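The values are calculated or read from the model by the stated rules, or taken from the named source; none is laboratory data. Everything numeric in this text was worked out from a predicted model, so none of it was measured. Note: ideal-geometry Cβ built from the backbone for every residue, glycine included; neighbour counts use all protein chains shown. The area values use the complete protein model at the heavy-atom level, side chains included, leaving out ligands, DNA and RNA. Shrake-Rupley method; radii C 1.70, N 1.55, O 1.52, S 1.80 Å.
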Amino acid sequence: MANHDLKSLIHVLDCWEPGIHLPLMALVDFRGYRVICMSLLPITQSTLVHGSADAGKTVQHSESVRRKLRKVAQALNLREHCVCNDPSKKFDTPVDLEAHEGTDGRLYLVDFGRLFPPQDPSVLF
């Protein structure tokens, strides 16, 4: 899953959109263990402005953030969809992809794991 998260982050980075900031991320394999290393971002649970941090129980929606993410989604061939059967909450990326307005005023994206389906079919079953 960590490898999938990193690959998705790289795809978003390749679709660079001004105003969207991404964490530094690396995978470290050591003696049979894999650790995902990510930079500390100036975000908290209260800085979430778009997406969901609790598996869709509560969903934040920001149209200005959506406009920025729409360009990234179009470059990745992702389609718009409604979330929680609410036509006013349209997302172009997975609702799990969190957008935070950091304490420094920048927009940060985190949790890229569901951006694309898993590559290994055995993961699905």
Exercise for the section: Within the stretch 101-114, count every residue that is surrounded by 12 or more Cβ atoms within 10 Å (Cβ to Cβ), more than 19 Å from Cys15 (Cβ to Cβ) and either in contact with a Leu (Cβ under 8 Å, 6 or more places away or on another chain) or without any contact (Cβ under 8 Å) to a residue 40 or more places away in the chain (or both). Expected result: 2
Problem - Residue selected from the stretch 1-18 under the condition open to solvent by less than 80 Å² (accessible area, probe 1.4 Å) and of a type in the set (Asp, Glu), by the criterion farthest from Val35 (Cα to Cα) - result: Glu17
Practice task
Considering every residue within the stretch 71-86, establish whether at least one is under 12 Å from the mean Cα position of the chain (by Cα) and touching a residue at least 12 places away in the same chain (Cβ under 8 Å).
Solution key: yes
Fill in the blank from the handout: By residue number, the members of the stretch 53-63 that are over 15 Å from Leu107 (Cα atoms) and surrounded by 16 or more Cβ atoms within 10 Å (Cβ to Cβ) are Ala53, Val59
Fill in the blank from the handout: Conditions (1) at pLDDT 90 or above; (2) surrounded by fewer than 16 Cβ atoms within 10 Å (Cβ to Cβ) -> Cys82 fails only (1)
Exercise for the section: Could you check, for the stretch 87-108, whether at least one of its residues is over 14 Å from the mean Cα position of the chain (by Cα), in a strand (DSSP E or B) and of a type in the set (D, E, K, R)? Expected result: yes
Exercise for the section: Report yes if some residue within the stretch 1-15 is at pLDDT below 90 and in a loop (DSSP other than H, G, I, E, B); otherwise report no. Expected result: yes
Completion exercise
Arg66: passes all of (1) in a loop (DSSP other than H, G, I, E, B); (2) surrounded by 13 or more Cβ atoms within 10 Å (Cβ to Cβ); (3) among the charged types (D, E, K, R) but (1)
Handout entry: Boolean, Ser39 is more than 25 Å from Trp16 (Cβ to Cβ) and either at pLDDT 90 or above or open to solvent by less than 60 Å² (accessible area, probe 1.4 Å) (or both)
Key = no
Practice task
Tell me which residues, restricted to the stretch 41-62, are under 15 Å from Asp92 (Cβ atoms), touching a His at 6+ places or on another chain (Cβ under 8 Å) and not in a strand (DSSP E or B).
Solution key: His61, Ser62
Handout entry: So Val95, is it at pLDDT below 95 and under 28 Å from Leu27 (Cα atoms)
Key = yes
